[in-house]
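**Q** Pasting a structure below so you can have a look.
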Amino acid sequence: MIEKSRQQSTETPQGSVMKDVAATQTSEQRLLSAEQQAQLCDWMHRIANHRDRKAFACLFKWFAPKVLHLGRQRFGDASQAQELLQESMANVWRKAHLFNAEKGAVTTWIYTLVRNQSFDMLRKMQTNREDNLSEDIWQQHSNERDDSAEFSDHLLDRQLVEYVEKLPEEQKNVVKGIYFQELSQEELANQLGIPLGTVKSRLRLALGKLKAHMGEHHD
Amino acid sequence: MIKYHPSEHILQSYVQGELCASLSVAVSMHVAMCPQCQHLTCQYEASCAQSFAGENLDLHGDENWDELIAQITEDTMLAEIAAPAPLEIEIKGEQFLLPSSLQNVGLSGWLKLGKLSRSRLNLGDGKLHASLLHIEKGGSVPQHTHRGFELTLLLSGTFKDEMDSYVPGDFIMLDGSHEHSPVATESCLCFTLADDALHFSQGLSQLFNPIGKLIY
Ligand SMILES: [Zn+2]
């Protein structure tokens with residue numbers, strides 16, 4: 001018994017599987033428009049960065065019928081489908097900050113969360129195990145897409161960004177202008193209407209604080 | 001160079017979460033070692049997600065989700081990324097780092113038979129037996145066929161059989177039509193999965209038949 005799903009697919013010759021997937025894209029299915037994708041991205045960012053409940057409600061309502069449809073197909077049962085919806089969307093809420101738009105579409109990310117949840121539910125139904133193996137099976141594979149060095153850089157960046165936010169207003173504006181907007185010190189002095197020397201001294205103060213802060217963290 | 005990959009069908013089912021745990025773990029370990037299958041897996045995921053999201057369904061307008069949404073968003077905890085701690089095992093004085101897919105799967109003690117040692121993985125997939133098999137350099141598994149199927153995923157070291165020689169990452173799926181006797185060209189560690197005891201087919205090796213159950 002290799003296939004786990006009740007919807008057992010028959011063995012197909014090599015090469016035909018993807019065509020099958022394409023062929024199931026019948027008239028009820030369509031590709032998302034660029035606008036829809038931008039909308040999903042916007043909701044995700046608002047959830048991730050601001051824990052925005054309204055955005056989550058929109059995202060939830062957009063995906064709910066699709067998750068229920070997948071659940072009913074896989075479990076042949078409405079209450080299991082409902083459980084799949086509830087658990088997957090709770091994971092979307094808890095993991096939203098881990099979503100990285102550079103690595104793929106919102107729909108792909110949410111699909112993998114739903115897939116993992118349904119794997120764990122099927123395993124529980126068929127073998128009585130609640131070991132939630134899906135995290136180990138697929139987590140590793142999502143880490144691979146960023147190599148680990150790049151990954152820790154992201155973390156470092158996040159810590160830095162958080163700390164920059166805590167700097168005094170004047171220093172924060174200088175750091176943001178130079179590092180995030182990539183302005184030269186002269187351009188920034190012009191933009192803020194302050195002397196170049198002031199930009200330099202604010203920057204020195206800010207960098208000193210950031211270094212001390214990051215140093216503490218790395219000891 | 002890895003030459004043996006899961007079939008497209010297996011990889012597709014893996015992406016859709018439709019394989020049993022033992023086979024999913026095996027594919028996951030292969031994918032971790034194989035850039036080619038990593039690439040395919042990402043493509044399949046994107047394609048499945050497209051079908052999933054493109055489903056044009058009636059919005060159950062009368063369905064009221066507000067209570068469920070409120071309940072979910074009450075949770076203020078953020079999930080953290082747990083960095084998998086590499087699990088190290090030692091067998092016959094050699095150390096191996098196990099792939100992170102196996103980090104939470106229990107291992108039985110090692111059963112040693114000459115140059116062979118095996119440890120069962122506690123994956124609970126009924127008649128499917130998943131094991132780690134260690135073969136010392138020069139050790140071999142007596143010639144056998146498979147009544148069902150046998151999957152060998154080479155994790156470390158090298159071995160050869162009548163058909164080919166294999167490197168880490170090779171995903172070797174055999175069924176009843178194959179007959180082979182693998183020999184370790186250097187000491188090696190494999191993940192094996194079989195759905196039936198091996199059937200040893202040659203002369204004296206028939207005496208080993210009862211150990212087929214033990215090895216795989
Ligand atoms: Zn491969």
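**Q** Nearest 0.05, what FRET efficiency do A:Q191 and A:N132 give at R0 = 56 Å with Cβ-Cβ as r? Numbers along the way, then the final one.
**A** Numbers: r = 51 Å, r/R0 = 0.92.
After rounding, the FRET efficiency stands at 0.65.
**Q** What is the fewest-to-most order of A:R74, A:R202 by other Cβ atoms lying within 10 Å of their Cβ? Don't skip to the end; give the middle numbers.
**A** Details: A:R74 24, A:R202 21.
With the sparsest Cβ surroundings first, the list reads A:R202, A:R74.
**Q** What pairs in A:K103/A:K124; A:K176/A:K209; A:K95/A:K124; B:K92/B:K137; A:K54/A:K103; B:K92/B:K115 have C-alpha atoms more than 19 Å from each other?
**A** On the way: A:K103/A:K124 30 Å; A:K176/A:K209 15 Å; A:K95/A:K124 22 Å; B:K92/B:K137 12 Å; A:K54/A:K103 25 Å; B:K92/B:K115 10 Å.
Listed pairs above 19 Å: A:K103/A:K124; A:K95/A:K124; A:K54/A:K103.
**Q** Let me ask you something else. Quick check for me: using +1 on Lys/Arg Cβ and -1 on Asp/Glu Cβ, what's the dipole size of the range A:32-137 about its Cα centre, in debye to the nearest 20?
**A** Working: 15 positive and 12 negative charges, 43 e Å.
Value, rounded to 20: 200 debye.
**Q** Select from B:Q43, B:Y14, B:Y4 the residue farthest towards the positive end of the dipole of the range B:1-153; place +1 on Cβ of Lys and Arg, -1 on Cβ of Asp and Glu, and compute about the Cα centre.
**A** B:Y4
**Q** Shifting gears a bit: Quick check on the exposure proxy: order A:W109, B:W110, A:W62 from fewest to most C-beta atoms within 10 angstrom. Could the numbers behind the result be given before it?
**A** On the way: A:W109 22, B:W110 15, A:W62 18.
In increasing order of surrounding Cβ atoms, one gets B:W110, A:W62, A:W109.
**Q** Distance in nm between label sites at B:K127 and B:E186, each 7 Å beyond Cα in the beta-carbon direction?
**A** About 3.9 nm separates the two model spin labels.
**Q** Between A:K54 and B:W110, how many nm apart are label points set 7 Å from Cα along the C-beta direction?
**A** 6.2 nm
Only the coordinates and a few stated rules stand behind these numbers; no lab work does. Please read all numbers here as calculations on a predicted model, not as lab measurements. For neighbour counting, all protein chains shown are included, and Cβ atoms are generated from backbone atoms with ideal geometry for every residue, glycine included.
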